[in-house]
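Structure record follows, encoded as structure tokens.
The values are calculated or read from the model by the stated rules, or taken from the named source; none is laboratory data. None of the values given here were measured: they were computed from a predicted structure. Counting neighbours? That spans all protein chains shown, and the Cβs are built from the backbone with ideal geometry, glycine included. Please note that ligands, DNA and RNA were not included when accessible areas were found on the heavy atoms of the full protein model with its side chains. Shrake-Rupley method; radii C 1.70, N 1.55, O 1.52, S 1.80 Å.
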Amino acid sequence: MSVETAAETKVISYDAAQGAALAEEMRRDPTVFLMGQDVAMGGFFGGGRGLVEEFGLERVRNTGITEAFMVGAAAGAAMTGMRPVVQLGFADFSLIAGDEIFQKLGKWRHMHGGQFELPATIIMPIGPSGGAGPEHSGSMEMLPMHFPGLKAVVPSNPADAKGLLKAAIRDPNPVLYYPSKQLNFKRGPVPADPDLLVPLGKAAIARPGTTISVISYGCMVPRVLEAAETLAAESIDLEVIDLRTLVPLDREAILASVRKTGRAMIVHEAPRTAGPGAEIAALIQEHCFYALEAPVARLGAVDAPIPASRFLEDLCFPSVTDVVELARQLARA
């Protein structure tokens, strides 16, 4: 059932929606289990509250500060028929488990001729969180675009946070799930349907428009939608594409939108240089060159370590004002 057709909804936070997804999938499938630092106490951001009381320490397992062990154990468990979900806490620490994520999870099914599945989900929150500093504020979601064998999910709202996580857990392949820390307490309507799934690889048109196609995901989608309201008064009509997943990438949705509007802008919280926007811009140039009325524009984070100052941190990422100003330039081009 889709978000649009679900009858009963509750207004809950982005993080609580992820907790609901975990609980529903653990009830549905006894092979699903969760492990990570402090997960029995709810995890770093509280989305797992109540899980240990319902499922016990056998299925909600605290670990030490051992990212490589956690993901390595998940790979082994997945090969033997379990569906592990690992909470790494911060995407920055995925580099500590880089061999286990990008070599083992991403490649072993292919290396062994498809003899087994690897249904592991790794939850790795991305982006800033109020001055956490350069080693806790990274946006690593572009990495699985360069390492084949992995899927990558980045939800922008509570309903998708739930539906995409449930789809990730049920997928027979390893999925890297990247929630945006800036959205943890954002609230929105979430269907209570335990069969709600948001398919991986299917973008959503968050706002239809005719002037500029703005391709985005995660925490930048609400900012782009806010900018669209401002620009509507100036007769600049943004079409906002929420990618939802970076791998698989919904190329058809991107290209169809750009062919309609003739102008394209990509907005993300990852660094601008070699970020997801670079690949998407190349895709648009290759397939929509003769439909374009202006060069493809990109907005991303600064190419620098994110400072510990929460005030300087805010200056490192695209703002609503940045989106508005670049869209005005693009509309005039």
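Helical runs (DSSP H, four residues minimum) scored at -39500 (n - 2.57) apiece and divided by the length of the chain put the mean residue ellipticity at 222 nm at -10000 deg cm²/dmol. If only the Cβ of Lys and Arg carry +1 and only the Cβ of Asp and Glu carry -1, the dipole of region 127-184 around its Cα centre is close to 200 debye. Treating cross-link reach as a plain straight distance, find the lysines whose alpha-carbon is under 19 Å from the alpha-carbon of residue 10, omitting any fewer than eight places away in the same chain. Here the lysines satisfying the reach criterion relative to residue 10 are 162, 166, 186. Entry note, the chain: relative contact order of 17 percent, from Cα contacts under 8 Å with a spacing of 6+ residues.
Counting only Cβ charges, +1 for Lys and Arg and -1 for Asp and Glu, the dipole size of the chain around its Cα centre is about 320 debye. Applying the Karplus relation 6.51 cos²θ - 1.76 cosθ + 1.60 with θ = phi - 60° to region 87-101 yields 3J(HN,Hα) values of 9, 7, x, 9, 4, 3, 7, 5, 5, 5, 9, x, 5, 5, 7 Hz, where x marks Gly and Pro.
P(r) for the chain: what percent of alpha-carbon pairs falls in each 10 Å bin, starting at zero? In whole percents, the pair-distance histogram is 6, 27, 34, 23, 8, 1. The modelled label-to-label distance for the pair residue 272/residue 237, using points 7 Å beyond Cα in the direction of Cβ, is 2.9 nm.
Counting only protein heavy atoms and using a 1.4 Å probe, what share of the accessible area of the chain belongs to carbon plus sulfur, as a whole percent? In the chain, the share of accessible area belonging to carbon and sulfur is 56 percent. Taking the C-alpha atoms only, the angle from helix 158-170 to the longest principal axis of the chain is near 50 degrees.
Ordered from highest to lowest accessible area with the whole protein assembly present and a 1.4 Å probe, 66, 210 read as 210, 66. At a probe radius of 1.4 angstrom, the accessible area of the chain per residue rounds to 41 square angstrom. Modelled this way, with points 7 Å down the Cα-to-C-beta line, the labels at residue 259 and residue 322 are 3.2 nm from one another. Take the Cβ-Cβ distance between residue 27 and residue 95 as r, set R0 to 35 Å, and report the resulting FRET efficiency rounded to the nearest 0.05. It comes out at approximately 0.55.
Taking 0.36 nm per residue of separation and subtracting the Cα-Cα distance, full extension of the segment from residue 146 to residue 117 would add 8.3 nm.
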